[in-house]
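Engineer: Have a look at this one.
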């Protein structure tokens, strides 16, 4: 999608601090970090939000994204003390970019409720 910020990052048109890439997913540092480790994990194919990941393909994509995020969390040394994976769907939940993304947060004690 030409006007999607995250699609442009996937395409290399906009620079990002990329941590890891696979065929299906990309992880990069959030420019507005809320924790010492705050990464965004996105599908390389445009999907607007969790609600749009439908059917068997959508289920596979969501599973891949979660597994990819968990793999990166381990590589970042977050397994011992824990981490949080969050996704927002829609404006009221705080989704500011209409491209499915997971926030991977860790590196400090996280509080609850988040906001």
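Engineer: Just to be sure I understand, how many residues within the stretch 70-88 are surrounded by 14 or more Cβ atoms within 10 Å (Cβ to Cβ), closer than 13 Å to residue 108 by Cα and in contact with a helix residue (DSSP H, G or I) (Cβ under 7 Å, 6 or more places away or on another chain)?
Structural biologist: Residues that pass the stated criteria total 1.
Engineer: May I pose another question? Take residue 48 and tell me if it is more than 13 Å from the chain's Cα centre (by Cα), surrounded by 14 or more Cβ atoms within 10 Å (Cβ to Cβ), in contact (Cβ under 8 Å) with a residue 40 or more places away in the chain and under 26 Å from residue 3 (Cβ atoms).
Structural biologist: no
Engineer: Separate question: Kindly provide the set of residues from the stretch 51-69 that are free of Cβ contacts under 8 Å to residues at least 12 places away in the same chain and within 20 Å of residue 106 (Cα to Cα), ordered by number.
Structural biologist: Once the filter is applied, which keeps residues that are free of Cβ contacts under 8 Å to residues at least 12 places away in the same chain and within 20 Å of residue 106 (Cα to Cα), the stretch 51-69 yields only 67.
Every residue, every condition in (1) under 11 Å from the mean Cα position of the chain (by Cα); (2) over 21 Å from residue 2 (Cα atoms), yes or no:
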position: 14; (1), (2): no, no
position: 29; (1), (2): yes, yes
position: 59; (1), (2): no, yes
position: 69; (1), (2): yes, yes
position: 108; (1), (2): no, yes
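Engineer: Does residue 91 count as at pLDDT below 95, surrounded by fewer than 16 Cβ atoms within 10 Å (Cβ to Cβ), more than 15 Å from the chain's Cα centre (by Cα) and at negative phi?
Structural biologist: When the stated conditions are applied, residue 91 passes them.
The values are calculated or read from the model by the stated rules, or taken from the named source; none is laboratory data. These numbers come from a predicted model, not from an experiment. Cβ coordinates were reconstructed from backbone atoms using ideal geometry, including for glycine residues, and neighbour counts include every protein chain displayed.
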